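Asker: Provided herewith is a single structure, encoded as structure tokens, for subsequent inquiry.
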Amino acid sequence: MPNPNDPALRSWIDIAPTSDFPIQNLPFGVFETPERGPRLGVAIGEYVLDLYAVAQFGYFEDLELGAKMPKVFRRRSLNQFIALGRPAWRAVRQRLSELLRHDNPTLRDQPEAMRECLLRQDAVQMLRPIKPQNYTDFYSSIEHATNVGTMFRDPNNALLPNWRHIPIGYHGRASSIVVSGTDIRRPNGQRKAPDAAAPTFGPSQQLDFELEMAFVVGRPTALGDTLSVQSAEDYIFGLMLFNDWSARDIQSWEYVPLGPFLGKSFGSSVAPWVVTLDALEPFRIPGPVQEPEPLLYLRQTGNHNFDVNLEVTIQPDGGPETAVSYANFGLMYWSMAQQLTHHASNGCNQQIGDLYASGTISGTTPDSLGSMLELSWKGTRPVPLADGTERKFLQDGDRVTMRGFAEKDGVRIGFGEVTGKVLPAPSLDF
């Protein structure tokens, strides 16, 4: 059986070398059109492959997908498909790879099937790909944690004593996670200037983005059960781009003693495509050396980081786009396997569709910082944009876009993009 990750594979669909979606990728998402309603789809080049239509034409008939097929492909989220399990995910991806291969006429030479199964991406509306049951945001970039500790605490002791021992995270708000393209309203909230005697309430003046990746839980655990770090990746369906919008002035006033709250929960954005862990297999790399060595339950062997190049741009309303950050997911100090293992270590039950974000991804150079807080160094170093303006934090009308891809042996596996535009804060009624 051909390896769907084989760099030599070619599709009968014309795909540009710079496309995020070659035949080796085949990420999963959810789309709708006025005529079809919500469907599961897979990205291939500039097209979406309608999985419900593929099933209707019988191309999945010999796969062991159970009684839920083909209805499982006619849903508003990937959750029920994910619940079929890893053998089903792999079987579907394998079959699609075979159908799309350049020398396979099964779908290519069937005009009616082609018309029903293949839609242009610009002709469909992408939906939020998963229904997150729960959402946790980690804090796993040592560069980001060091920068924040330097700005707000002691530069000589930037990391808190627990940081190198434990994957730090907090439970966020799943209900306000939205799909790419959804506008984000500037939040109102309490904020207190350092020299003020009392807080005030109003629109955040320090709205920020956070460059992150997120993984989707693909296999549940029962309450009270734990995971081994060696098996944790078996519980991960795939990865997606994630923007954890943050109101720094609200956050800095509220986060002591219980951590982030309203400065984070007003909105988070996810990309419409979930790239499977299988598709990312060729891009594994070693993570940073962990010193001191983690406790035994977090001690892992092998390569559990992924070499994914990331970019953030800001586009003022009516102006050009400016790239402000270039980072890499491979730098994360704590791996996804360690994050998930720790999350389950107290017996917390994991559910299909749970979304776990990496925390801000920052590098070691000035152009690799994953938030405006760091890029402008707490507002003291304005970031120049292509239209001649500067930013300390985000302004109304700004569009933030994040992109990511892995590349090796002539194959580029991309994540599409996650984008959102900042709208003014809602008016106050008091």
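The values are calculated or read from the model by the stated rules, or taken from the named source; none is laboratory data. These figures come from a predicted structure and were not determined experimentally. Positions of Cβ are backbone-derived with ideal geometry, glycine not excepted, and every protein chain shown enters the neighbour counts. With ligands, DNA and RNA removed, areas are computed over all heavy atoms of the protein, side chains included. Shrake-Rupley method; radii C 1.70, N 1.55, O 1.52, S 1.80 Å.
Asker: Here's a check for you: in segment 260-287, which residue that is in a loop (DSSP other than H, G, I, E, B) and hydrophobic (A, V, I, L, M, F, W, C) is most open to solvent (accessible area, probe 1.4 Å)?
Answerer: From segment 260-287, those in a loop (DSSP other than H, G, I, E, B) are 260-267, 271-273, 277-280, 286-287; that's our starting set.
Of the ones still in play, those that are also hydrophobic (A, V, I, L, M, F, W, C) are 261-262, 266, 271, 273, 277, 279-280.
Numbers: F261: 130, L262: 92, F266: 53, A271: 0, W273: 7, L277: 8, A279: 2, L280: 1 Å².
Filtering first and then ranking leaves F261.
Asker: Would you check if Y139 is open to solvent by 50 Å² or more (accessible area, probe 1.4 Å), under 27 Å from Y333 (Cβ atoms) and touching a residue at least 60 places away in the same chain (Cβ under 8 Å)? I'd like the intermediate steps shown before the answer.
Answerer: Details: open to solvent by 50 Å² or more (accessible area, probe 1.4 Å): yes; under 27 Å from Y333 (Cβ atoms): yes; touching a residue at least 60 places away in the same chain (Cβ under 8 Å): yes.
Judged against the criteria, Y139 is a match.
Asker: Ok, one more. Criterion first (touching a strand residue (DSSP E or B) at 6+ places or on another chain (Cβ under 8 Å), basic (K, R) and open to solvent by 60 Å² or more (accessible area, probe 1.4 Å)) does R403 satisfy it?
Answerer: On the way: touching a strand residue (DSSP E or B) at 6+ places or on another chain (Cβ under 8 Å): yes; basic (K, R): yes; open to solvent by 60 Å² or more (accessible area, probe 1.4 Å): yes.
Criteria met by R403.
Asker: With respect to Q190, determine if the residue is outside any loop (DSSP other than H, G, I, E, B), polar (S, T, N, Q), farther than 28 Å from D367 by Cβ and open to solvent by 20 Å² or more (accessible area, probe 1.4 Å). Write out each step before concluding.
Answerer: Details: outside any loop (DSSP other than H, G, I, E, B): yes; polar (S, T, N, Q): yes; farther than 28 Å from D367 by Cβ: yes; open to solvent by 20 Å² or more (accessible area, probe 1.4 Å): yes.
Yes.
Asker: Here's a follow-up. How many of the residues in segment 123-156 are over 30 Å from V42 (Cβ atoms) and not in a loop (DSSP other than H, G, I, E, B)? Talk me through it step by step, then tell me what you get.
Answerer: So the first thing to find is which residues in segment 123-156 are over 30 Å from V42 (Cβ atoms), and the list is 139, 141-156.
From what is left, the residues that are not in a loop (DSSP other than H, G, I, E, B) are 142-152, 155-156.
Summing the residues that are over 30 Å from V42 (Cβ atoms) and not in a loop (DSSP other than H, G, I, E, B) in segment 123-156 gives 13.
Asker: Also, quick follow-up: Within segment 157-182, track down each residue that is outside any loop (DSSP other than H, G, I, E, B) and either in contact with a helix residue (DSSP H, G or I) (Cβ under 9 Å, 6 or more places away or on another chain) or of a type in the set (A, V, I, L, M) (or both).
Answerer: Taking segment 157-182 and keeping what is outside any loop (DSSP other than H, G, I, E, B), we get 157, 169-171, 174-179.
Result: N157, G169, A174, I177, V178, V179.
Asker: For segment 317-325, does any single residue satisfy the condition of being surrounded by 19 or more Cβ atoms within 10 Å (Cβ to Cβ) and closer than 28 Å to I168 by Cβ?
Answerer: Within segment 317-325, the subset surrounded by 19 or more Cβ atoms within 10 Å (Cβ to Cβ) is 324-325.
Keeping just the survivors that are closer than 28 Å to I168 by Cβ gives 324-325.
Yes, segment 317-325 contains a residue that is surrounded by 19 or more Cβ atoms within 10 Å (Cβ to Cβ) and closer than 28 Å to I168 by Cβ.
Asker: I would also like to ask the following. How many of the residues making up segment 353-364 are surrounded by fewer than 22 Cβ atoms within 10 Å (Cβ to Cβ) and either over 18 Å from M402 (Cβ atoms) or of a type in the set (A, V, I, L, M, F, W, C) (or both)? Quick ask: steps written out before the conclusion?
Answerer: First, the residues of segment 353-364 that are surrounded by fewer than 22 Cβ atoms within 10 Å (Cβ to Cβ): 363-364.
Imposing the further condition that a residue be either over 18 Å from M402 (Cβ atoms) or of a type in the set (A, V, I, L, M, F, W, C) (or both) reduces the set to 364.
Qualifying residue count, segment 353-364: 1.
Asker: Next question, about the same structure. Of all residues in segment 401-430, how many are closer than 22 Å to A8 by Cα and either without any contact (Cβ under 8 Å) to a residue 40 or more places away in the chain or of a type in the set (S, T, Y) (or both)?
Answerer: Within segment 401-430, residues that are closer than 22 Å to A8 by Cα and either without any contact (Cβ under 8 Å) to a residue 40 or more places away in the chain or of a type in the set (S, T, Y) (or both) number 0.
Asker: Only one of D62, D14 is closer than 28 Å to R412 by Cβ, out of contact with any strand residue (DSSP E or B) (no Cβ under 8 Å at 6 or more places or on another chain) and open to solvent by 50 Å² or more (accessible area, probe 1.4 Å); which? Don't jump to the end; show me each part of the working.
Answerer: Numbers: D62 fails: closer than 28 Å to R412 by Cβ.
Checking each option against the conditions leaves just D14.
Asker: Which residues, counting only those in segment 326-336, are surrounded by 24 or more Cβ atoms within 10 Å (Cβ to Cβ) and part of a strand (DSSP E or B)?
Answerer: A327
Asker: Taking segment 142-154 on its own, how many of its residues are free of Cβ contacts under 8 Å to residues at least 24 places away in the same chain and open to solvent by 80 Å² or more (accessible area, probe 1.4 Å)?
Answerer: Selection size over segment 142-154: 1.
Asker: Let me ask something else. Which of the residues that make up segment 163-187 are free of Cβ contacts under 8 Å to residues at least 60 places away in the same chain and open to solvent by 70 Å² or more (accessible area, probe 1.4 Å)?
Answerer: Across segment 163-187, the qualifying residues are H171, S175.
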